[in-house]
């Protein structure tokens, strides 16, 4: 099997998202980067968001080198609701007034024991993983509904539906996001906005590189037998925002190597 | 992407930027060059050999500055001409009196933090001076810039652009309560949008423009600030000398590759990052100042306003 980067470098170019503009939060590395690159390979113009200007610019440059169209937007989504609202307005301006696709991917994932979670991390999980997607959907979904067309994908987690002996706040935040997906599917879906969750299994990214051994052990006993690659998640996101997903509303697509639903032996 | 080999940055001075640049046979206009970074912008262009016109409101100060620049650069082709950017007739007189090609127009003059004031035409002063006066000047000098066969315009903006977009439904605070921060921010957003749209509309005339954020520089611009606030700002934000503050203007005027699709906002002698909120008090440009549809509309509105100034 190709590595994540090899696969991303060989994604066939097509036009299925041509003419659409996508905002992918947290796309300066990892899963978000893969989503940005795959959507761009299918012709979407992508707004790459990150906290670090250089990393964000680097993803834009990678997309442009591959013949895609991308712009960078630097922001911290964890500060306040009003800052996220301003971010949404600036993203809409960067999109020329029309955003067709929103991928709520930015997240932080402190997987500590409950009593070890610091107050700053606790607030940050609530702010980035729950408040920011809520404010972004509140700001951007109404315009999509008015146009009668739009797609929102929230990045969930297999860990939202199983008890593990750590990461209570992180996994709860992902459960919250999965529930907001269902609410928004009912709220905006009748007006043409598709809202769905793509839930990755244990995935190797730069953000969890130090837990590589834990992830390898965790995924060795799955059907796939190996960690999910960010690009695999990106393919599912691309499906969920494509015309082929016109009957997908409030669903969870598990891209997890079987970790959530199977046992081997 | 930032070119790491690029030798210029936040600490570069205008004279360092023009080192090795030859502007003999080039003409330049710098507005607001009687004080602050305008002086050092004009000095650097003169040092590189350009024939520089100081476009100023205070002729006595302008003449003193011109003498100083002639003495420090050995370039005698430095002259002074009157302009009051708040008065469109004065701007038209300046442009009408211009003869020959114009290679560099630096829209440097600016006002900030004014109490509510209006021009004789009834227009809010920040918008009138910072944007509309320069819009009229560039329109008036457009034939001279076209005649240069390769001309650049530099629009001095500021991180203050973050505070407001263009308030098309209440440009002059006729409806909403006056807010000096919003008024300044709107005018600084207009400076970026004007550069963007001039580049698009005047592409076939060989004219290209960009906006610059000079940095935090303490000049006459902040003369109305509360001293306590000023002291606090100086503590909290990175500040530059006037020589460093002029560097980005001069960089864009002499070294940057401008054009349609090229960066439209520079800071510290390189293109700024596009951000949703200003970073570290001074860095980055917000998308609302780069929106092509808004830039087009601002141009149309500005033309309409100028027609009504006759």
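Each reported figure results from applying straightforward, stated rules to the coordinates on display, with no laboratory input. Note that this is a predicted model, so its numbers are computed, not measured. Here Cβ is always computed from backbone atoms with ideal geometry, including for glycine, and neighbour counts include all displayed protein chains.
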| said: Run the Debye formula on the Cα coordinates of segment A:1-79, all scatterers equal and no solvent, and tell me log10 I(q)/I(0) at q = 0.13, 0.18, 0.19 1/Å. | reply: -0.34, -0.64, -0.71
| query | In what order do B:225, B:299, A:184 fall by count of nearby beta-carbon atoms within 10 Å, going from fewest to most? | reply | B:225, B:299, A:184
| task | Report the residue, chosen from B:123, B:175, B:89, that carries the largest GNM mean-square fluctuation when chain B is represented by alpha-carbon nodes joined by springs under 10 Å. | result | B:175
| Given only helices, namely DSSP H runs of n ≥ 4 each adding -39500 (n - 2.57), what is the per-residue ellipticity at 222 nm of chain A, to the nearest 500 deg cm²/dmol? | -13000 deg cm²/dmol
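For a footprinting-style exposure proxy, rank A:17, B:132, A:122 by other Cβ within 10 Å, fewest first. Could the numbers behind the result be given before it?
Details: A:17 24, B:132 28, A:122 12.
Going from least to most buried by this count: A:122, A:17, B:132.
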| Where labels lie 7 Å past Cα in the beta-carbon direction, separation of residue B:204 and residue A:216 in nm | 6.3 nm
| note | Reduced to Cα centres, the span from segment B:227-265 to segment A:16-54 in Å works out to 31 Å
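FRET efficiency for residue A:10 and residue B:297, Cβ-Cβ distance as r, R0 = 51 Å, nearest 0.05? Don't skip to the answer; put the middle values down first.
Details: r = 43 Å, r/R0 = 0.84.
With a Förster radius of 51 Å, E is 0.75.
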| request: Taking 7 Å along the Cα-to-C-beta vector as the label spot, tell me the residue B:117-residue B:178 distance in nanometres, rounded to one decimal. | output: 1.0 nm
| message | At R0 = 41 Å, how high is the FRET efficiency between residue B:237 and residue A:263 if r is their beta carbon distance? Nearest 0.05 is fine. | response | 0.10
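Return the percentage of antiparallel bridges among DSSP beta bridges fully within segment B:14-307, rounded to the nearest 5 %. All intermediate terms of the calculation are to be shown ahead of the outcome.
Numbers: 4 of 32 bridges.
Close to 10 percent.
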| remark: FRET efficiency (residue B:79, residue A:51; Cβ distance; R0 41 Å; to 0.05) is 0.25
| Taking Cα pairs under 8 Å and at least six residues apart, what relative contact order does chain A come out at, in percent? | 19 percent
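If packing is taken as the average number of other Cβ atoms within 10 Å across a peptide's residues, how do A:22-31, A:231-240 rank, most packed first? Spell out each step's value before the answer.
Details: A:22-31: 27.0, A:231-240: 23.2.
Answer by packing, highest mean first, reads A:22-31, A:231-240.
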| request: Ignore the peptide's own chain and count Cβ atoms of other chains within 10 Å of each Cβ in B:283-295; give me the average, rounded. | output: 4
| remark: Checking rank on B:246-254, A:172-180, with mean other Cβ inside 10 Å and highest first, the result is B:246-254, A:172-180
| request: Could you check what % of the DSSP bridge pairs in segment B:1-141 are antiparallel, to the nearest 5? | output: 5 percent
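If one computes P(r) from the Cα atoms of the protein assembly as shown, what percent of pairs lie at distances over 39 Å?
Working: 59158 of 165025 pairs.
Across the protein assembly as shown, Cα pairs with separations above 39 Å total 36 percent.
Mind checking A:56-62 for the average number of partner chain beta-carbons within 10 Å of each residue's beta-carbon? Mind dumping the intermediate values first?
Working: counts 3, 5, 1, 0, 2, 1, 0.
Whole-number average of other-chain Cβ neighbours for A:56-62 is 2.
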| field | Overall dimensions of chain B by Cα: Rg and Dmax, Å | value | 17.8, 52
| Peptide-level mean, for A:90-96, of C-beta atoms on other protein chains within 10 Å | 6
| Largest to smallest principal axis extent of the C-alpha atoms in segment A:15-255, angstrom | 45, 37, 34
| request: Quick one: check the C-alpha center-to-center distance for segment A:89-157 versus segment A:167-186, whole angstrom. | output: 11 Å
| Antiparallel bridge percentage (DSSP; both residues within the protein assembly as shown; nearest 5) | 5 percent
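Between residue A:186 and residue A:147, what is 0.36 nm times their sequence separation minus the Cα-Cα distance? Round to one decimal in nm.
Details: separation 39, 0.36 × 39 = 14.04 nm, distance 1.70 nm.
Additional length available on full extension: 12.3 nm.
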| query | Any idea how far apart residue B:67 and residue B:25 come out in nm if each label point goes 7 Å out from Cα toward Cβ? | reply | 3.3 nm
